[in-house]
């Protein structure tokens, strides 16, 4: 019964956050700049959580995530701009095609481990970017015009679905299988877990949500260019996950919020922006090498207050 | 003894490039037996385990469990066929709780799909509940129940060993392979381990193959022993036969010792 109660608290909290922000936007209290920052934070959280599933849960060090963001962005833009189909459909299609791209990339490259996998995914991410760079249908290097369709409502619904699905996946036998791959792949294999299957599933699921984020991203900026999806974008996402703490979903959410806010406010100081941003990262890594949250979740902290037995976050 | 062996290995071997690690390896294990595999360091014992569990694919020969061929199956498939193992250097899922370590082993016995877990369908809840109940029941048998929510890495060494055996058994094996279960244990812990092995064997009607360096343990509980040296079987038989086998003594102590043993043994 406890887990059901926890779920309803989560739903109520989400509705409250959504409602308050929506009211502030409608009432004109939140100016468009801040509203847009909130949407951007939402997109970054989706990206961070989707990569968290691949790196934090399954332990597969992928640094080509911006490639799947690009796939989602371009596919959804094509659907709304070229075929004039509705936006939700475009988001879904972007996610599905990104997931297929994830399968295509994941099946061969997930045989690799550690550094080699990182290099392979980095390469695939760049390939995807260069493919879009050379397709005239989507504007090549000059990019593609996209109408502004992303709203706070769409962003929040996608964010809610992403976090719910990934949490549910993690807290099940399938998520445990992924964690066991991260913890000790040889032992996981010896316990009857098809490690390749779970690596590919986690990778495809992560790519799906990156694709959804891509759809939101494309329709938030009026124009998308292949240059937006270079490896620096992949590293931005990677930093959210590592800074938040590998294996902690709430950690990656907090890190995504924190870093998006920091980099947004630093836009006023373009000369020193990257210096300050880097200093923040260096300081966090010096004093919290395990990331902001380590492997713990926010809910674990509540559990500690209630009593020692509430500490088990998995499988509940 | 039954006519059909549970595990049958016929002249299996593996070659790494030009190096023959193990060759012409023959073994028959019958239902309910407790068999030891011994040999000096580097003899190829763990390689044999890796052949049996599918980590390595044998370059020659045949391995079958209950008449089903195992060659070429991936390790997870071999486990589902009924062979599970522990490791020489403990390989627990350190960041997972004791309970979750065992739940992972129950993974392939549960049925609920990814879709049912994502949408939290009833089959997810019933499946997870069953896994949890079974795992707790299991940990009770191994007296690890007080540590259910403790991270595996925080357990003391002896308990980690016990948890690893518990986890291997939770996967529902017909044949359990133990790779040096007593490594790094003091005599008291080794004694407890011997009792534990005897206990689980009876309780789960298990067949066990174990690698061990502790001769007291091997001679004490094994009914039959295979001896491996330089990748080849040099002897097999009851503990007594092995103890007096000149080839075995030579492998362990060198030629001179074997000769002096042969001279002294008639007295």
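Here are a few things to note about the model shown:
- Chain B - percent relative contact order, Cα under 8 Å, separation 6 or more: 25 percent
- Computed over segment B:16-108, the Cα gyration tensor eigenvalues convert (square root of 5λ each) into semi-axes of 25, 17, 14 Å, ordered from largest to smallest.
- C-alpha center-to-center spacing [segment B:45-82, segment A:126-163] in angstrom: 48 Å
- Hull shadow area, averaged, segment A:162-316 [alpha-carbon convex hull, nm²]: 11.7 nm²
- Rel. contact order, % - alpha carbon contacts under 8 angstrom, at least six apart, segment A:51-106: 32 percent
- Pairwise FRET efficiency - residue B:215 versus residue B:153, Cβ, R0 = 22 Å, nearest 0.05: 0.10
- Of all DSSP beta bridges in the protein assembly as shown, antiparallel share, percent nearest 5: 60 percent
- DSSP-defined antiparallel bridges as percent of all bridges, segment B:127-267, nearest 5: 50 percent
- Convex hull projection area averaged over all views, chain B, Cα basis, nm²: 16.8 nm²
- The GNM of chain A, with springs linking C-alpha atoms under 10 angstrom apart, assigns the highest mean-square fluctuation among A:275, A:237, A:39 to A:275.
- A viscosity of 1.002 mPa s and a temperature of 20 °C, combined with the Kirkwood radius over C-alpha pairs in the Stokes-Einstein formula, give segment B:101-191 a diffusion coefficient of 147 µm²/s.
- Taking every Cα-Cα distance in segment A:51-311 and sorting them into 5 Å bins starting at zero, the pair-distance distribution P(r) comes out as 1, 6, 12, 16, 18, 17, 14, 9, 4, 2, 1, 0, 0 percent.
- Per residue of B:166-172, other chain Cβ atoms within 10 Å of the residue Cβ number 2 on average.
- Across segment A:44-200, the relative contact order, built from alpha-carbon pairs under 8 Å that are at least six residues apart, equals 33 percent.
- Pairs of Cα atoms in the protein assembly as shown fall into 20 Å distance bins, from 0 up to the last occupied one, in shares of 19, 44, 27, 10, 1, 0 percent.
- Cβ neighbours within 10 Å from other chains - mean over B:112-120: 5
- Rounded to the nearest 10 degrees, the inclination of helix B:187-204 to the longest alpha-carbon principal axis of chain B is 70 degrees.
- Segment A:211-238 residues near the modelled residue A:82 label - backbone nitrogen below 20 Å, point 7 Å along Cα→Cβ: A:211-229
- Of B:32, B:42, B:13, the one that fluctuates the most in a GNM where chain B has Cα springs shorter than 10 Å: B:42
- Prolate/oblate/rounded call for segment A:1-147, Cα gyration tensor, a/c under 1.5 rounded: oblate
- Neighbour-count ranking [beta-carbon atoms within 10 angstrom, fewest first] of A:52, B:230: B:230, A:52
- 10 Å Cβ neighbours from other chains, averaged over peptide B:95-108: 6
Every number in this text was worked out from the coordinates using simple rules, so none of it is lab data. If you're wondering where the values come from, they're calculated on a predicted model, not measured in any experiment. Glycine gets a Cβ as well: all are built from the backbone with ideal geometry, and neighbour counts include every protein chain shown.
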